[in-house]
1. Quick one: which residue in G123, G92 is in contact (Cβ under 8 Å) with a residue 12 or more places away in the chain, crowded, with 19+ Cβ neighbours inside 10 Å, at positive phi and within 18 Å of the chain's Cα centre (by Cα)?
2. Condition check: of a type outside the set (A, V, I, L, M, F, W, C), more than 25 Å from F80 (Cα to Cα) and at pLDDT 95 or above. Does D140 satisfy that?
3. Scan the stretch 127-137 residue by residue and report those that are in a helix (DSSP H, G or I) and either open to solvent by less than 70 Å² (accessible area, probe 1.4 Å) or closer than 16 Å to N104 by Cβ (or both).
4. Regarding the stretch 73-94, can at least one residue be identified that is part of a strand (DSSP E or B) and in contact with a strand residue (DSSP E or B) (Cβ under 7 Å, 6 or more places away or on another chain)?
5. Which condition does K110 not pass, out of (1) under 21 Å from G51 (Cβ atoms); (2) basic (K, R); (3) assigned to a loop (DSSP other than H, G, I, E, B), if it passes all the others?
6. From the list E75, E63, E85, E68, exactly one residue is of a type in the set (D, E) and surrounded by 13 or more Cβ atoms within 10 Å (Cβ to Cβ). Which is it?
7. Just one of Q139, Q117, Q74 is without any contact (Cβ under 8 Å) to a residue 60 or more places away in the chain and touching a helix residue (DSSP H, G or I) at 6+ places or on another chain (Cβ under 7 Å); which is it?
Amino acid sequence: MNKILSQIVAFAMLLVGASAAASAADEPIYTGLFNNRAVSGYDTVAYFTEGKPVKGSKKFRTEYQDTEWRFASQENLDLFLSDPEKYAPQYGGYCAWAMGGGDNGTRGYKASGDPKQWKIVDGKLYLNYNAEIKGKWVQDIPGFIEKADGFYPIVVDLNGE
């Protein structure tokens, strides 16, 4: 009986995990599977003001686009609140290379964005999956951005279709 019960519990946990993964996959802001924090809790304003990734604090947080955003200081939180579009990463924090279609280039797709693999281009913050992928992305930044700008609304279904 204990074996059957443990199998039922394991199956139920698998279903909950799959449901959470499917739900996270539909979101316009990348947060990962186990929390609701944008940019893995990093302060998006710090990329612009300090030129580096800085972990945010629970003390300085806000909700934007149904997601929790954390900041290293009240000043950074205030800057974000004054113009969230300026400081939020492009493509909701998903990998800019993948959103631009990756190696294929015919269809963008979602991949996690690593807050330590970033670049500001024309005043906008972009994240990539890892250092290797960022290396591919920087070989044709304008091309990937142009494709990703078209793919992102479709990939995350911003148009409600």
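The values are calculated or read from the model by the stated rules, or taken from the named source; none is laboratory data. For clarity, every value in this text was computed on a predicted model and none was experimentally measured. All Cβ positions, glycine included, derive from the backbone under ideal geometry; neighbour counts span all protein chains shown. These area figures cover heavy atoms from the full protein model, side chains too; ligands, DNA and RNA do not enter into them. Shrake-Rupley method; radii C 1.70, N 1.55, O 1.52, S 1.80 Å.
1. G92
2. For D140, the condition - of a type outside the set (A, V, I, L, M, F, W, C), more than 25 Å from F80 (Cα to Cα) and at pLDDT 95 or above - is met.
3. Across the stretch 127-137, the qualifying residues are A131, I133, K134, G135, K136, W137.
4. Within the stretch 73-94 (the criterion being part of a strand (DSSP E or B) and in contact with a strand residue (DSSP E or B) (Cβ under 7 Å, 6 or more places away or on another chain)), the answer is no, since none of the residues qualifies.
5. Status for K110: all satisfied but (1).
6. After applying the criteria, what remains is E68.
7. Values: Q139 fails: touching a helix residue (DSSP H, G or I) at 6+ places or on another chain (Cβ under 7 Å); Q74 fails: touching a helix residue (DSSP H, G or I) at 6+ places or on another chain (Cβ under 7 Å).
One residue alone meets the criteria, Q117.
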